[in-house]
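Visitor: I am attaching a structure below and will ask some questions about it afterwards.
The values are calculated or read from the model by the stated rules, or taken from the named source; none is laboratory data. Nothing here was measured: the structure is a model prediction, and the numbers come from that model. Positions of Cβ are backbone-derived with ideal geometry, glycine not excepted, and every protein chain shown enters the neighbour counts.
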Ligand SMILES: [Zn+2]
């Protein structure tokens, strides 16, 4: 059967370290996340923050896509040149949707690097990003509920979880996660869920065209000044002024970039791209 | 222990001729083996201590089981084992104590209704339940006597929760449609009544193996039905062992959005309403050409059946719809495609002619629909690797995500 494309927050996916290899040769591999998603395919919508060419021949691309909880690393592989060229032509920052497969790199026993291999890519709008956040949040909530149920059972089983109405894949994933991850911090993921949702419920005021144009320039300034530690807030404002951007406009643009998850404050008074 | 006593005990545990047991036991005693040991050795020799088991006593891990049972259902299917295709037979069998699913790895010539004695089968665990496995070495003998089947309280289910290969269920519903058919069962003609029934949760196909004098619009309760897969979807079956009563209830199915995992796990269904995002537009979407004689899709002007023909253009979309819990393929016909894309087939034909490339139609579909949430209403059809839904209606949707987010926030108490 066709594998479902999980909507999963970067903040959870990047914490996963358990891989299940099927017994048969061509059996799919699954990433088991701490909250019990059993992932072979993914669907991610977020803000494209940068695209970079990492192939010698210029055919392998890596993109970073920010959701409210973290960063998804997305690769376009040489055997899929169509997707690679679509990704290469995209502007950052912009909203992008990607469907694809888990990409697992296990250089040695016990260390796992997870990313995603793109199969379909498209530029989308803010609506789809918000729609995605709600779907990812619902899915996470379902798994949190399933895990709490399972923890309350004397001998948790797939059958009992299914009888409560949970999907087979969720029941399997939750039990596998409970076996593998010790001391799962459910509260951490409830916090993550709340954070992600509050992202949408806050009514955003429409920014002027002037601010929108300033965002791009400020991003370039921050990128230039940030180094390892981040760019000094004052230095950024100063540089913006030199380019003819008023302080109030620059501050609003910085606030927007932070709200969109494109930049953050590594420490007070400093700005850095995610 | 007396000789006769030992013989009786052996015969009560194994299936063998008295004469043979007496002869063998005497042989053991002549060699000076104590009678107790000789008795145990013979029990092992004739079936490893196997005693005939009732169905309810069969546990996963049991080997070399002897049991008598009636075949309730049997289905033939092909499976791939180490690159080779072989036929297996699956179904349900039962006695007065219980019902169990079975898999037969060879053709024992079994038919629904047969009463058989099975020797040397084993039980494994499948989805938490025991399942009997009849191997190459299992002996199956048809017997003359009948078995009165268990009368357990049936499991009450909504039609949406009905799954293939469960038995003894109780469902209620309204007969949406019904027709009489003649079928051939092992060379014998039988009359069956099949159609569609519905409750508040789903519509489902059914087949009655007896004339219960049902007609369209009747509300009924069926106790002791069983479920099997028909073209990939579950179907309710009931026969003379079932209890069917008419009820005075108003029952109606109003389509509601079903999460895709339910559609996938139950194997499709009828009149399904689903929502999801189009994550892939299949390559065979767009303008296609059909044979004017048989309506089959043709390639480069050639029909497999009718050779070189003047193809008739058609417009359709086959797209992967995924809601994060499951994935299905959806097929939109010309009318629905035109509605979704807000463009007629003639417009697309002209566009393709101007560009001298039909690929431009595919590109427009991707542009308009890829990564777009949609709502689809339709029936599933059987296919191998994915459930396909033939859309009867479809539309792009834009849910109020702010409201959804606020509701979810309240649910988690944020
Ligand atoms: Zn033809």
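Visitor: Looking only at the stretch B:243-285, which residues are under 30 Å from residue B:353 (Cβ atoms) and in contact with a strand residue (DSSP E or B) (Cβ under 7 Å, 6 or more places away or on another chain)?
Guide: If the condition is that a residue be under 30 Å from residue B:353 (Cβ atoms) and in contact with a strand residue (DSSP E or B) (Cβ under 7 Å, 6 or more places away or on another chain), then B:278, B:280, B:281, B:282, B:284, B:285 are the ones that fit.
Visitor: If we keep just the residues of the stretch B:70-85 that are assigned to a strand (DSSP E or B) and over 19 Å from the mean Cα position of the chain (by Cα), which is surrounded by the most Cβ atoms within 10 Å (Cβ to Cβ)?
Guide: Step one: filter the stretch B:70-85 for residues assigned to a strand (DSSP E or B), giving B:70-81, B:84-85.
In the following step, the residues that additionally are over 19 Å from the mean Cα position of the chain (by Cα) were identified as B:70, B:81, B:84-85.
Numbers: B:70: 21, B:81: 9, B:84: 7, B:85: 8.
If we take residues in the stretch B:70-85 being assigned to a strand (DSSP E or B) and over 19 Å from the mean Cα position of the chain (by Cα), then B:70 is surrounded by the most Cβ atoms within 10 Å (Cβ to Cβ).
Visitor: When you scan the stretch B:261-296, how many residues do you find that are without any contact (Cβ under 8 Å) to a residue 60 or more places away in the chain, away from chain A (no Cβ under 14 Å) and either away from the ligand (no atom under 16 Å from the Cβ) or under 19 Å from residue B:387 (Cβ atoms) (or both)? Show your work before the answer.
Guide: Residues of the stretch B:261-296 without any contact (Cβ under 8 Å) to a residue 60 or more places away in the chain: B:282, B:284, B:288-296.
Filter once more, keeping what is away from chain A (no Cβ under 14 Å): B:284, B:288-296.
Narrowing the set further to residues that are either away from the ligand (no atom under 16 Å from the Cβ) or under 19 Å from residue B:387 (Cβ atoms) (or both) leaves B:284.
Number of matching residues: 1.
Visitor: Identify, from the list A:126, A:84, the residue that is at pLDDT below 90 and farther than 28 Å from residue A:17 by Cβ.
Guide: A:84
Visitor: Collect the residues in the stretch B:297-345 that are within 14 Å of another protein chain (Cβ to nearest Cβ) and not in a loop (DSSP other than H, G, I, E, B), keeping them in residue-number order.
Guide: If the condition is that a residue be within 14 Å of another protein chain (Cβ to nearest Cβ) and not in a loop (DSSP other than H, G, I, E, B), then B:318, B:319, B:320, B:321, B:322, B:327, B:328, B:329, B:330 are the ones that fit.
Visitor: Just a yes or no: is a residue in the stretch B:239-259 within 14 Å of chain A (Cβ to nearest Cβ), closer than 30 Å to residue A:124 by Cα and either crowded, with 18+ Cβ neighbours inside 10 Å or within 16 Å of the ligand (Cβ to nearest atom) (or both)?
Guide: Applying the first criterion (within 14 Å of chain A (Cβ to nearest Cβ)) to the stretch B:239-259 yields B:257-259.
Okay, now just the ones that are also closer than 30 Å to residue A:124 by Cα, so B:257-259.
In the following step, the residues that additionally are either crowded, with 18+ Cβ neighbours inside 10 Å or within 16 Å of the ligand (Cβ to nearest atom) (or both) were identified as B:258-259.
Yes, the conditions are met somewhere in the stretch B:239-259.
Visitor: Let me ask you something else. Take the stretch B:301-348 and flag every residue that is within 18 Å of residue B:360 (Cα to Cα) and within 14 Å of the ligand (Cβ to nearest atom).
Guide: B:314
Visitor: If you don't mind, another one. Just the residues that are farther than 12 Å from residue B:69 by Cβ and either surrounded by 16 or more Cβ atoms within 10 Å (Cβ to Cβ) or in the same structural domain as residue B:227 (by TED's automatic domain parsing) (or both), please, taken from the stretch B:94-112.
Guide: Residues satisfying the conditions are B:103, B:104, B:105, B:108, B:112.
Visitor: Of the conditions (1) in contact (Cβ under 8 Å) with a residue 24 or more places away in the chain; (2) within 30 Å of residue B:251 (Cβ to Cβ), residue B:123 clears all except one; give me its number.
Guide: (2)
Visitor: Shifting gears a bit: Considering only the stretch B:388-414, state which residues are within 12 Å of another protein chain (Cβ to nearest Cβ) and farther than 30 Å from residue A:193 by Cβ. Reasoning before the result, please.
Guide: Step one: filter the stretch B:388-414 for residues within 12 Å of another protein chain (Cβ to nearest Cβ), giving B:388, B:396-414.
If the condition is that a residue be within 12 Å of another protein chain (Cβ to nearest Cβ) and farther than 30 Å from residue A:193 by Cβ, then B:388 is the only one that fits.
Visitor: Continuing with the same structure: When only residues in the stretch A:89-109 that are surrounded by fewer than 17 Cβ atoms within 10 Å (Cβ to Cβ) and more than 14 Å from chain B (Cβ to nearest Cβ) count, which is nearest to residue A:61 (Cα to Cα)?
Guide: Across the stretch A:89-109, the extreme among qualifying residues is A:89.
Visitor: Pick from the stretch B:216-234 the residues that are at pLDDT 95 or above and surrounded by fewer than 19 Cβ atoms within 10 Å (Cβ to Cβ): which of them is nearest to residue B:163 (Cα to Cα)?
Guide: Here the residue is B:221.
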